[in-house]
1. Quick one: what pairs do we get from the range 14-26, first residue on the phi > 0 side of the Ramachandran plot, second open to solvent by 30 Å² or more (accessible area, probe 1.4 Å), C-beta under 6 Å, 6+ apart or different chains?
2. Identify, please: which residue in the range 1-30 is small (Gly, Ala, Ser) and part of a strand (DSSP E or B) and is, among those, farthest from Ala55 (Cα to Cα)?
3. Within the range 1-13, track down each residue that is surrounded by 13 or more Cβ atoms within 10 Å (Cβ to Cβ) and either touching a residue at least 60 places away in the same chain (Cβ under 8 Å) or acidic (Asp, Glu) (or both).
4. If we keep just the residues of the range 14-28 that are surrounded by 13 or more Cβ atoms within 10 Å (Cβ to Cβ) and small (Gly, Ala, Ser), which is nearest to the chain's Cα centre (by Cα)?
5. Go over the candidates Asp50, Asp61 one by one and state the one that is open to solvent by 40 Å² or more (accessible area, probe 1.4 Å) and touching a residue at least 40 places away in the same chain (Cβ under 8 Å).
6. Against the condition charged (D, E, K, R) and part of a loop (DSSP other than H, G, I, E, B), how does Asp61 come out, does it pass?
7. Of everything in the range 36-47 that's within 10 Å of the chain's Cα centre (by Cα) and under 12 Å from Gly14 (Cβ atoms), which residue is surrounded by the fewest Cβ atoms within 10 Å (Cβ to Cβ)?
8. With the checklist (1) in a strand (DSSP E or B); (2) within 12 Å of the chain's Cα centre (by Cα); (3) not β-branched (Val, Ile, Thr) in hand, flag the one item Gly51 doesn't pass.
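The values are calculated or read from the model by the stated rules, or taken from the named source; none is laboratory data. Values in this document were obtained by computation on a predicted structure and should not be read as measured data. Reconstructed Cβ throughout: ideal geometry from the backbone, glycine too, with neighbour counts over all protein chains shown. What goes into the accessible areas is simple: the full protein's heavy atoms, side chains included, and nothing from ligands, DNA or RNA. Shrake-Rupley method; radii C 1.70, N 1.55, O 1.52, S 1.80 Å.
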Amino acid sequence: DMFPDWKNNAFIGGLTSQEIVRLIFEGTNVKEEDRLPMPGRIRDVKMAPDGSIYALTDANDGKVLRISATNENSQ
């Protein structure tokens, strides 16, 4: 619900590319892909119950990154 335009998309972590790859489907076929640059190698990607997306980096000091919608009008 947080990203209505991303419904029925798939997300893949990129170790070498250091990106999250978003696959946009039309039926059962991939119609398009979008690449979201990340600050490191991405080991895994999961959706949280609130609709945000968590990405796990692959490093000795690995991090869990949270991608969420922002409200430009919030203080």
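1. Partner pairs satisfying both residue conditions: Gln18/Met38; Gln18/Arg41.
2. The residue in question is Ala10.
3. Answer for the range 1-13, where residues must be surrounded by 13 or more Cβ atoms within 10 Å (Cβ to Cβ) and either touching a residue at least 60 places away in the same chain (Cβ under 8 Å) or acidic (Asp, Glu) (or both): Met2, Phe3.
4. Step by step, filter the range 14-28, then rank; the result is Gly14.
5. Asp50
6. Here the answer is yes, as Asp61 does meet what is asked.
7. Of everything passing the filter in the range 36-47, Pro37 is surrounded by the fewest Cβ atoms within 10 Å (Cβ to Cβ).
8. So the condition that Gly51 fails would be (1).
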